[in-house]
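The values are calculated or read from the model by the stated rules, or taken from the named source; none is laboratory data. All figures in this text were calculated on a predicted structure; none of them were measured in a lab. Backbone-built Cβ (ideal geometry, glycine too); neighbour counts: all protein chains shown. With ligands, DNA and RNA removed, areas are computed over all heavy atoms of the protein, side chains included. Shrake-Rupley method; radii C 1.70, N 1.55, O 1.52, S 1.80 Å.
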Amino acid sequence: MRANATGRMLHDPKGGSFWFDAGAVCLDFAHTGGEGRYAVFETLHEPADLAEWLAQPSLGAAMTVPVTVRELTAAKALRQAIWDTAHAQAAGRPLPTGAVATINRAASTAPLVPELAAGGTTAGWAPPVRATQALSTLAREMIDLLSGPLSGRIRECAGDNCPLVFVDSSRPGARRWCAMERCGNRHKLRALRARRATEP
C-alpha cells in the first residue's frame, strides 16, 4: 500500500460530520456505505463515485480506465466482506466463510503496480489503472491486516450504538473511540452528568 495516511470525513445523514481514521485504507473503504440500515450512509451510488473515492488520498488511484457497473457491484461486495470480517475479528468470532471467499476472490486479480516518477522522489500507480486492481490492493491489505500482528487490535467503537470499526495502531493500544470529537466527547459528557447527579 503506497499511502502513508488514512482517514476520511464521514457525514451523518441527520447532520454534522467528523474525521474518522480507521487506521487502514481497506477499513476506510468499509465505511463508504452499506446494506440495510446502513444504506442511508451510501456514498457509492454510481461507478463515477467509486472512481472518485479511489482517486482520493490515501490510495490515490486515479482511474485510467472508466469504472463499470460490474466493478461497482464487486466493490460493494468487497466492502461488505471487509466490514463483516472486521466486526467478527473485533468480537472474537470466527470469520464468515462467505466474506473470506469474497476477499480472497478480489485479491486473486492483479493489484495496483507502484511506479516511481522520473524524478525519483514521488511514486504513483503504473497505468493502466483499473478499479479491479484497486479492489485487489484493498483486499490484500485486509488479508495482511487479519493475518498480521495488528489483527488483535481490530476494534469496534466503544460508544453506545456506534458500529464504526478501526485498527488501533497506537503504541499503547488504548484507542476506544471512533473519534474523540464524537463518541469520546459524548462519553465524557455522560460521565460528567452522572457524577453531578450523584453529588450531594
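Miscellaneous remarks
- Considering region 40-59, and only residues there that are within 18 Å of Asp12 (Cβ to Cβ) and more than 16 Å from the chain's Cα centre (by Cα), the residue that is most open to solvent (accessible area, probe 1.4 Å) turns out to be His45.
- Residue match in region 145-163 (condition: of a type in the set (Asp, Glu), surrounded by fewer than 11 Cβ atoms within 10 Å (Cβ to Cβ), modelled with pLDDT under 70 and over 15 Å from Ala22 (Cα atoms)): no
- Check on Leu135, assigned to a loop (DSSP other than H, G, I, E, B) and either in contact (Cβ under 8 Å) with a residue 24 or more places away in the chain or surrounded by 13 or more Cβ atoms within 10 Å (Cβ to Cβ) (or both): no
- Residues that are assigned to a loop (DSSP other than H, G, I, E, B) and in contact (Cβ under 8 Å) with a residue 40 or more places away in the chain within region 103-117 comprise just one, Leu112.
- On inspection, Ala88 passes the criterion of being closer than 16 Å to Ile143 by Cβ and aliphatic (A, V, I, L, M).
- Cross-chain or 6+ apart pairs with Cβ under 7 Å, region 34-53 first and without any contact (Cβ under 8 Å) to a residue 60 or more places away in the chain, then open to solvent by 50 Å² or more (accessible area, probe 1.4 Å) and basic (Lys, Arg): Leu44/Lys76
- Residues that are acidic (Asp, Glu) and touching a Ser or Thr at 6+ places or on another chain (Cβ under 7 Å) within region 1-52 comprise Asp21, Asp28, Asp49, listed in sequence order.
- All told, Gln89 falls short of being in contact (Cβ under 8 Å) with a residue 12 or more places away in the chain, open to solvent by less than 50 Å² (accessible area, probe 1.4 Å) and more than 15 Å from Leu54 (Cβ to Cβ).
- Criterion (more than 17 Å from Ala22 (Cα to Cα), of a type in the set (A, V, I, L, M, F, W, C), assigned to a loop (DSSP other than H, G, I, E, B) and at pLDDT 95 or above) met by exactly one of Val129, Val100: Val129
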